[in-house]
Amino acid sequence: MADLKIQGLAKSYKDVRVLESIDLHIASGEFFTLLGPSGCGKTTLLRTIAGFQHQDRGEIIVAGERIDHKPAHKRDIGMVFQDYAVFPHLSVADNVAFGLKARALPKAEIAERVAESLKMVRLDGYQDRLPAEMSGGQQQRIGLARAMAIRPTLLLMDEPLSNLDAKLRIELREDIRDIQRRLGITTIYVTHDQEEALAVSDRICVMNKGNVEQIGTPYEIYRKPMRRFAASFVGTMNFLPGQLEGGRLLVGSQVIDYPAQASGPVEVAIRPENVELAAASSRGGVISLKGEVLKVTFLGREAHYTLKTEAGEIVAQVADPAQDFIEMEGRPVEVRLPLQKIVLFRPSGDVLDAERAR
Amino acid sequence: MRRRLRFDIWTFVLIAAWVILIALLIWPLSSVLRASLIDNDTGAFSLVHYVQIATIKAYQRAVGNTLLAGFGGMTGALLLGVTLAFVTTRFHIYGRALIQTLAVVALVSPPFIGAYAWIVLFGASGVVRKGLSSVGISIPPLYGAVGVILVFAFKFFPHVFLITSGALASINRSVEEAAESLGVSPMKRLFTITFPLILPAISASALLTFVLSIADFGTPRIIGRDFNVLATEAFNLYGSEVGGNPGMASALSIVLIVLSMIIVFGQRWILRKNVYHSNLIKKPERQHARGFKAVGLHALAYAIVIVGALPAIIVVLFSFRRTSGPVFQPGISLRSYERVVSTVSEPIWNTLIFSSVAVAAIVITGTLIGYLISRRPGIATGTLDALLMVPYVVPGIVMGIAFITRFNEPPLALTGTGLIIIMAVFVRRLPYSARSVAAALKQVGPNLEDAAVSLGYSPGKAFLKVTVPLILPGIMAGALMSFVTAMNELSSSLVLYVGSTITMPVRIYLSVMDGEYGTASALSTILLTMTVIAVYAAFHLSGRKESALL
């Protein structure tokens with residue numbers, strides 16, 4: 001069991017700053033996800049922890065010991081790769097035994113650990129197969145077993161599921177989560193898939209342009225975004241232009257009391273599932289906008305409404321829509337934004353009032 | 001911010017690679033450039049040699065003839081190669097394996113064997129010519145420009161064939177079907193869709209055949225008669241005991257290199273934006289032609305490869321003929337072989353030893369450099385990669401002259417040793433090996449090595465344990481092909497050999513020049529057999545057949 005501390009980590013390629021002074025503290029046994037769009041620095045951060053790349057500044061400390069001066073092969077960090085990186089010339093068992101042989105363990109122990117690791121990823125019985133005979137999902141299980149067999153202090157996973165099809169992705173991510181919980185290994189997981197991040201993580205670190213935007217539990221990231229970027233990247237978010245003036249919020253032609261000290265332009269953000277249409281009743285204040293239904297997309301258990309309102313276009317999500325709800329294209333509708341559910345962002349991208357964001 | 005210089009095994013390899021290329025490539029070639037700019041008599045800097053090339057008729061003719069041979073050989077090889085590739089990839093031809101085998105036989109037999117076999121058939125006292133004249137048909141003997149161009153065309157077309165059939169087979173059929181559905185006739189489609197799509201392959205093989213044609217020394221020498229090209233002129237001026245003119249030979253060499261380079265850059269310019277990527281969905285199908293069309297297509301395909309392989313076949317047949325001096329007699333005999341074994345077995349051993357040593361060095365160095373190029377990009381490796389292009393455009397004759405000029409004096413008095421021949425072959429073939437390893441490495445994801453490192457192996461060990469086993473078949477196939485080219489190396493060895501270091505190609509060349517056709521045939525057959533065995537082994541190892549040759 002080991003915790004990971006990262007202090008002031010920075011890296012540039014020529015003039016491009018890929019990582020700008022990153023500080024993180026990941027608790028022992030935590031499942032920690034780095035989430036962000038491609039090019040945000042998440043993979044660079046992961047590979048720097050693994051030792052495949054080298055920071056310009058900063059420290060990496062595992063269980064109280066600095067590891068950033070150690071070469072990659074002495075860091076004792078297990079890694080799972082996006083393209084599996086399974087050795088195609090070795091059998092499944094030899095793949096898993098590969099790291100154990102480097103540690104010169106006795107034969108009997110190697111055999112035992114290989115069997116144990118393969119059982120863990122539900123590949124027992126496949127020892128003698130060659131990777132080419134196996135599916136992508138199975139190959140990634142080999143990769144996982146191989147990384148776990150060396151009993152690393154940290155497990156790093158670099159988009160391990162992005163090459164798999166949707167169904168396998170969900171199946172394998174549950175397995176990864178279960179195994180990680182059972183063994184309690186500190187895990188850093190990189191993904192650009194926000195749903196995956198929400199599903200598996202203890203905590204998520206949203207990254208953009210080499211910076212940490214927000215760190216929090218999946219609930220906090222989704223419901224209490226601290227930065228406009230986190231709000232827009234994780235899930236769908238509507239943004240409408242607004243104005244704060246002397247304790248009042250102006251949206252479109254609507255004015256409503258809003259207890260905030262600040263004034264100036266803001267963006268009003270709300271999730272589609274929190275937008276209410278027509279007669280829905282809600283407690284507390286609402287912003288009520290006149291709108292028209294532009295388009296309805298029926299998705300089975302829900303429908304998405306693209307609405308034109310006086311303040312701009314937004315999307316609303318309606319669960320379990322009724323028949324007459326589907327035939328609403330072109331009709332006028334009243335759009336209600338419950339004040340409890342909205343979040344305001346300053347032009348800088350920071351949330352206006354952390355207390356009110358929920 | 002401070003920059004960390006991290007030393008590992010690859011830093012050392014990079015330095016070693018630079019040292020090798022400077023010592024064996026830049027330094028020797030600089031001597032050629034220097035000699036070309038110095039007046040032979042006064043020893044002062046002068047452009048006199050270049051002025052002479054521009055003004056003296058014989059040299060002007062050599063430049064013109066070189067271009068004629070280059071473009072002629074290239075055009076002929078392209079016509080034959082693209083036709084054969086098109087016919088075999090788009091129509092159902094019986095015996096495709098046989099066609100490919102014959103093309104490969106044409107490819108691996110040394111070009112001067114081809115020239116010599118053509119003389120046996122169509123020379124002044126050629127078998128075919130004599131046979132035809134006995135029935136009243138008289139054709140001129142096959143010497144001069146026509147002979148040289150024909151030999152080049154039939155010698156080099158397999159390169160074009162192998163490169164373009166790969167490209168033709170990977171055109172998405174839907175693209176051609178789309179053109180057809182838009183109302184474009186099949187013939188027009190060929191020129192507006194198909195050929196533009198395989199332009200990279202066509203231009204690459206055009207470049208290759210041009211460079212091979214102008215660098216070739218044996219063919220114009222044997223079959224050219226008074227058709228002088230830059231390579232033969234340079235050799236004559238350098239090699240003659242009396243009236244040698246090293247400055248002029250060097251200047252001609254430089255002109256030859258410049259011609260090759262112009263073509264290389266020309267090809268890059270043509271391809272500057274004409275590279276298309278299409279995701280292959282439907283592979284092209286082979287049509288079943290019927291009736292006269294089928295007969296015609298088969299005749300065409302087989303005619304090309306049989307004529308191409310004819311020299312090799314002729315040489316083998318003639319090696320078993322009874323000879324008396326230079327004259328072939330009727331009847332079968334093993335006399336030629338007896339004579340080879342009893343009197344000239346030394347070249348066989350020299351060839352085997354030199355080639356083996358050179359290939360061992362090529363494989364080790366080439367693998368390490370190939371790895372650097374593909375896995376450690378940077379300025380130092382980038383220039384190294386560019387520098388590796390140089391041997392492609394430096395003809396063997398020039399490399400030989402460069403070596404003999406530089407390694408002539410103590411402490412590097414290597415002239416007359418086997419080592420200098422080995423070094424010349426080594427530096428000439430190193431780029432092929434490095435490039436093929438770099439290409440093979442592109443198939444092996446870099447993450448595999450990272451995975452091994454994360455599991456506790458040092459970078460060096462990870463390379464040995466994971467990467468080497470995966471690229472080993474490619475390395476071995478490349479090694480065997482290097483072995484083939486090393487065994488068949490004529491031009492640089494011809495400049496560098498002395499009596500005790502004579503190799504088979506040199507011995508064959510000298511035998512042909514002396515008119516000892518029996519010995520030449522027997523030695524050629526032995527060389528051809530060794531070549532075919534190596535090629536077969538390379539095919540076997542690489543799995544994908546033709547790719548081993550490129």
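The values are calculated or read from the model by the stated rules, or taken from the named source; none is laboratory data. Keep in mind the model is a prediction, meaning the values are calculated, not measured. For neighbour counting, all protein chains shown are included, and Cβ atoms are generated from backbone atoms with ideal geometry for every residue, glycine included.
Return a yes/no flag: does segment A:64-76 have any residue that is over 22 Å from B:TYR457 (Cβ atoms) and modelled with pLDDT of 90 or more. Yes, because at least one residue in segment A:64-76 is over 22 Å from B:TYR457 (Cβ atoms) and modelled with pLDDT of 90 or more.
Taking the numbered list (1) touching a residue at least 24 places away in the same chain (Cβ under 8 Å); (2) within 14 Å of chain B (Cβ to nearest Cβ); (3) under 19 Å from A:TYR189 (Cβ atoms) in turn, A:ARG57 passes all entries but (3). Among the conditions (1) farther than 23 Å from A:ALA230 by Cβ; (2) in contact with a Lys or Arg (Cβ under 7 Å, 6 or more places away or on another chain), A:ALA10 misses just one, which is (1).
When the test is whether a residue is among the polar types (S, T, N, Q), within 14 Å of another protein chain (Cβ to nearest Cβ) and part of a helix (DSSP H, G or I), B:THR467 passes it. Checked against (1) out of contact with any Ser or Thr (no Cβ under 9 Å at 6 or more places or on another chain); (2) crowded, with 24+ Cβ neighbours inside 10 Å, B:ALA360 passes all but a single condition, namely (2).
Does segment A:142-160 contain at least one residue that is more than 14 Å from chain B (Cβ to nearest Cβ) and surrounded by 22 or more Cβ atoms within 10 Å (Cβ to Cβ)? Before the answer, list the steps.
In the first step, residues of segment A:142-160 are kept if they are more than 14 Å from chain B (Cβ to nearest Cβ); the result is none.
No, segment A:142-160 has no match at all.
Put simply, of B:SER482, B:SER521, B:SER511 the only residue that is touching a Phe, Trp or Tyr at 6+ places or on another chain (Cβ under 6 Å) and away from chain A (no Cβ under 14 Å) is B:SER521.
Taken over segment B:473-497, the criterion of being more than 16 Å from the chain's Cα centre (by Cα) and at pLDDT 85 or above is satisfied by B:LEU494, B:VAL495, B:LEU496, B:TYR497.
Residues in segment A:304-337 that are touching a helix residue (DSSP H, G or I) at 6+ places or on another chain (Cβ under 6 Å) and within 17 Å of A:GLU267 (Cβ to Cβ): A:VAL315 alone.
Of all residues in segment B:432-461, those that are outside any helix (DSSP H, G or I) and either at the interface with chain A (Cβ under 9 Å from one of its Cβ atoms) or of a type in the set (Gly, Ala, Ser) (or both) total 6.
Residues to consider are A:LYS11, A:LYS42; find the one that is within 24 Å of A:ARG173 (Cα to Cα) and in contact (Cβ under 8 Å) with a residue 12 or more places away in the chain. Reasoning before the result, please.
Numbers: A:LYS11 fails: within 24 Å of A:ARG173 (Cα to Cα).
A:LYS42 is the lone residue from the list that is within 24 Å of A:ARG173 (Cα to Cα) and in contact (Cβ under 8 Å) with a residue 12 or more places away in the chain.
Only one entry of A:VAL80, A:VAL92 meets the criterion of being more than 11 Å from chain B (Cβ to nearest Cβ), at pLDDT 90 or above, over 17 Å from A:ALA10 (Cβ atoms) and buried (at least 22 other Cβ atoms within 10 Å of the Cβ), and that entry is A:VAL92.
Here B:ILE353 does not qualify as farther than 30 Å from B:ARG221 by Cβ, outside any loop (DSSP other than H, G, I, E, B) and at pLDDT 85 or above. Here B:LEU197 fulfils each of the conditions (1) touching a Leu at 6+ places or on another chain (Cβ under 7 Å); (2) under 20 Å from B:LEU80 (Cα atoms) apart from (1).
Starting from residues that are surrounded by fewer than 17 Cβ atoms within 10 Å (Cβ to Cβ) and outside any strand (DSSP E or B), keep the ones in segment A:275-296 and report whichever is modelled with the highest pLDDT. Break it down stepwise before answering.
At the first step, the residues of segment A:275-296 found to be surrounded by fewer than 17 Cβ atoms within 10 Å (Cβ to Cβ) are A:278-285, A:288, A:290, A:292, A:294-295.
Now drop any that are not outside any strand (DSSP E or B), which leaves A:278-285.
Details: A:ALA278: 69, A:ALA279: 57, A:ALA280: 53, A:SER281: 56, A:SER282: 57, A:ARG283: 62, A:GLY284: 68, A:GLY285: 81.
The residue in question is A:GLY285.
Flag not set for A:LEU164, criterion: within 12 Å of chain B (Cβ to nearest Cβ), surrounded by fewer than 23 Cβ atoms within 10 Å (Cβ to Cβ) and part of a loop (DSSP other than H, G, I, E, B).
Scan the helices (runs of 4 or more DSSP H) fully inside segment B:153-258 and keep the ones with 2 or more residues being in contact (Cβ under 8 Å) with a residue 40 or more places away in the chain and outside the structural domain of B:ASN488 (by TED's automatic domain parsing).
Details: elements: B:173-181, B:186-189, B:199-215, B:218-223, B:230-239.
Output list reads B:173-181, B:199-215, B:218-223, B:230-239.
Restricting attention to segment A:222-232, the residues that are assigned to a helix (DSSP H, G or I) and more than 16 Å from A:GLU273 (Cα to Cα) total 3. In segment B:1-98, counting only helices (runs of 4 or more DSSP H) that sit wholly within it, the ones holding 1 or more residues that are more than 30 Å from B:ALA215 (Cα to Cα) and within 14 Å of another protein chain (Cβ to nearest Cβ) span B:9-21.
Rundown of residues vs (1) of a type in the set (Asp, Glu); (2) surrounded by fewer than 20 Cβ atoms within 10 Å (Cβ to Cβ); (3) under 27 Å from B:MET187 (Cβ atoms); (4) free of Cβ contacts under 8 Å to residues at least 60 places away in the same chain, yes/no style:
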| site | (1), (2), (3), (4) |
| --- | --- |
| B:MET74 | no, no, yes, no |
| B:LEU79 | no, yes, yes, no |
| B:ILE93 | no, no, yes, no |
| B:ALA97 | no, yes, no, yes |
| B:VAL104 | no, no, no, no |
| B:PHE112 | no, no, no, no |
| B:TRP118 | no, no, no, no |
| B:SER125 | no, yes, no, yes |
| B:ILE137 | no, yes, no, yes |
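Against the conditions (1) within 11 Å of another protein chain (Cβ to nearest Cβ); (2) surrounded by 22 or more Cβ atoms within 10 Å (Cβ to Cβ); (3) of a type outside the set (D, E, K, R); (4) more than 27 Å from the chain's Cα centre (by Cα), A:HIS69 satisfies every one except (2).
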